Amino acid sequence: MTDYNELFHQAVKFYDNGNYTAAEDILRSLDDVAPDNPLILNMLGLIAQTQGLYSQACSYFSAALRLNPSSCEYCYNLAFSLKNCGQYQDALRYYQKVLSLRPEIKETYNEIACLYQSLGQNDLAVDWWNKALQLAPDYAIAAINLANHLNDHEKLVALSRQYPDEPLVWYDLAQIEYKQNQLNDAEIHINQALQLFPDDIENNYLAGLIYAALGNQAKYYEYLTKAEQLDDKHYNTKLRLADYYSRSGQFTEAEQRYKRLIELDKHNFDVHNNYAEMLYRQKRLSEALEEYRAAILINPQSAAANNNLGAILKDTGDYDEALGLFFNALHYAPDMEEISLNLSETLVLLARNDKEKALKIAANWLKTYPNNIYAEQINHALKGEKIANNNLYTESLFNAFADNYELVMQNLGYSAPLALAKFAGTMSGCIADLGCGSGLAGQAVKSVQNKIIGVDISAKMLALAAEKNIYCELVKSDIIEFLKTRHDYDWIMAADVLCYLGDLSEFTSLCRGKKLIFSIEADEHIQDYRLDITSRYKHNPTYIEKLLKTNGFTDIKSQKITLRQEASLPVEAVIFMAQ
């Protein structure tokens, strides 16, 4: 018996020192000798619990409790593992049993509050935290959890002064500040939590998220890698690392990780969705389709997944299913402009083959969403109606388009900026670059002999233009309003901009006295201008020449160009230069 007790105490010592393998080996050998010893079963449960094997731990604790039903310790341990298995009601039952045996254990009240929080029963959660604090007014963890639950940042700040050595208060502060995008404060407080508890997985995981939001990819990777080392089973860490490898172009590593995560949990929406996004970027469309479909089966109400799957089907020519998915997405996220943009583009593509069908769908869209500016615009466009310039539509369009603008234009073979620069030659003096967008035309004509004012209606486009460092000034304005109020320039340049204006009589009138260079989408078979199904205007070059001459321009030159490819067809354009 002495040898038995010594071996058991040796196992406990190994456990306390973190040597779980040695502790488990001893305990299993003792279990072979005394298989129904609750002390051994409880210790085996604690080892499994420490390693995150909560289901296995529950089995051990249950067996120990059957042998000693009145053990408060075994009840508490079983409740804790049940909670981590997601079996909240069973966990509550055993925590209540703990209270019936030992009502003075303050941690039990805190655990019950946390369970009610997980069950969404917030009033009960608050009640139980208050009970914990009534029992133990200086119980820091309960006070911190209650303040965090109530999202009470001010109270957490006060608690951080009261309990500066408690890592949880710094973690909770950082978490709230991260969610509120107060990233500098979040960085300070998560680092304080890490100083106190550097090997805590949640501290390292949150630090990674904060540094990702701050744009520090090196530290993001550093903390996520440490979190994974601390707990190789932490699912969210492994998902974030897979996303990191995907975004950094390490597709083989990312794919291996996504596939492993799917093996671990095939019902995780984020894994299927993020894996699909990576496959789509690699142009592996059939595989991306499969993953997006899996994601939508898990969460059919995801606007992003419906939209992204629709985008692939649009690209592959399945317009009917694409439109259905876009309308699903719009139902769940009516303010997500990318969805409306995709709907418009798909209706344009459909109209090339079946205009009547496209018209009916567009009319139903507008009827269902009468305030949607994209629905309104596409209805006018499909009918070819002449309408007043719609600045709200143009601004929304380019704000939505900004993130992928240059990549999309590159893929379309966009030629306007270089063609315009070549046609103009050296441009001296101050240039007003109207509808400057991301700055492609400004970049093409920039030289030491000029300075350029960038003008655009889209704030997001202006932000892209600012990155090029070629403009002396950037102005957010409608181009007509700019021409009415500003005259401190020598040249007016409008590259691929006037297709968003129909009647150009006011534009040409306001350009009097300036050197002028611009492009139009050309159609010699119309009287003056018409709204195309693309929601852009085409102009007759003869109409443009008449306007220029009417407004005093005499030295008029023009050149035909192919502006870009659209649906595999060339978009014909004309560049005009006049003084």
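The values are calculated or read from the model by the stated rules, or taken from the named source; none is laboratory data. It should be emphasised that the depicted structure is a prediction, and the values quoted were computed from it without experimental measurement. So basically every Cβ, Gly included, is an ideal-geometry build from the backbone, and we count neighbours across all protein chains shown.
Brief remarks on what is shown
- Going through (1) surrounded by fewer than 19 Cβ atoms within 10 Å (Cβ to Cβ); (2) closer than 21 Å to residue 238 by Cα; (3) modelled with pLDDT of 95 or more one by one, residue 205 falls short only on (1).
- You will find that of 347, 279, 341, 323, the residue that is within 30 Å of residue 383 (Cβ to Cβ) and at pLDDT 95 or above is 323 and no other.
- Checklist (1) free of Cβ contacts under 8 Å to residues at least 24 places away in the same chain; (2) closer than 24 Å to residue 85 by Cα applied to residue 253, failing item: (2)
- Filter result (under 15 Å from residue 192 (Cβ atoms), over 30 Å from the mean Cα position of the chain (by Cα) and surrounded by 14 or more Cβ atoms within 10 Å (Cβ to Cβ)) within the range 148-164: 159, 160, 163
- Check on residue 216, surrounded by 14 or more Cβ atoms within 10 Å (Cβ to Cβ) and without any contact (Cβ under 8 Å) to a residue 12 or more places away in the chain: yes
- Pairing each residue of the range 328-350 that is part of a loop (DSSP other than H, G, I, E, B) with any residue that is β-branched (Val, Ile, Thr), provided the two are 6+ apart or on different chains, yields C-beta distances under 7 Å for 333/339.
- Residue in the range 339-355 that is in contact with a helix residue (DSSP H, G or I) (Cβ under 8 Å, 6 or more places away or on another chain), farther than 23 Å from residue 568 by Cβ and surrounded by 14 or more Cβ atoms within 10 Å (Cβ to Cβ) present: yes
- The set of residues from the range 355-381 being modelled with pLDDT under 90 and in contact with a Lys or Arg (Cβ under 9 Å, 6 or more places away or on another chain) comprises 380, 381.
- Looking across the range 431-459, the residues that are over 16 Å from residue 477 (Cβ atoms) and either more than 29 Å from the chain's Cα centre (by Cα) or in contact (Cβ under 8 Å) with a residue 60 or more places away in the chain (or both) come down to 441, 443, 444, 445, 446, 447, 448, 449, 450, 451.
- Some residue of the range 167-174 being aromatic (Phe, Trp, Tyr), at negative phi, under 23 Å from the mean Cα position of the chain (by Cα) and crowded, with 20+ Cβ neighbours inside 10 Å: no
- Just one of the listed residues (263, 277, 253, 222) is within 27 Å of residue 340 (Cα to Cα), part of a helix (DSSP H, G or I) and of a type in the set (D, E, K, R), and it is 277.
- Filter pass, residue 232 being in a loop (DSSP other than H, G, I, E, B), more than 17 Å from the chain's Cα centre (by Cα) and of a type in the set (Asp, Glu): yes
- Of the residues making up the range 280-307, just one is closer than 19 Å to residue 338 by Cβ and among the basic types (Lys, Arg), namely 281.
- So residue 496, is it among the charged types (D, E, K, R), surrounded by fewer than 18 Cβ atoms within 10 Å (Cβ to Cβ) and assigned to a loop (DSSP other than H, G, I, E, B): no
- Every condition in (1) out of contact with any Ser or Thr (no Cβ under 9 Å at 6 or more places or on another chain); (2) farther than 13 Å from residue 323 by Cα; (3) among the charged types (D, E, K, R) is met by residue 337 except one, and the failing one is (1).
- Evaluation of residue 370 against the conditions (1) touching a Pro at 6+ places or on another chain (Cβ under 7 Å); (2) surrounded by fewer than 18 Cβ atoms within 10 Å (Cβ to Cβ) shows that the sole unmet condition is (1).
- In the range 237-246 there is no residue that is without any contact (Cβ under 8 Å) to a residue 40 or more places away in the chain and not in a helix (DSSP H, G or I).
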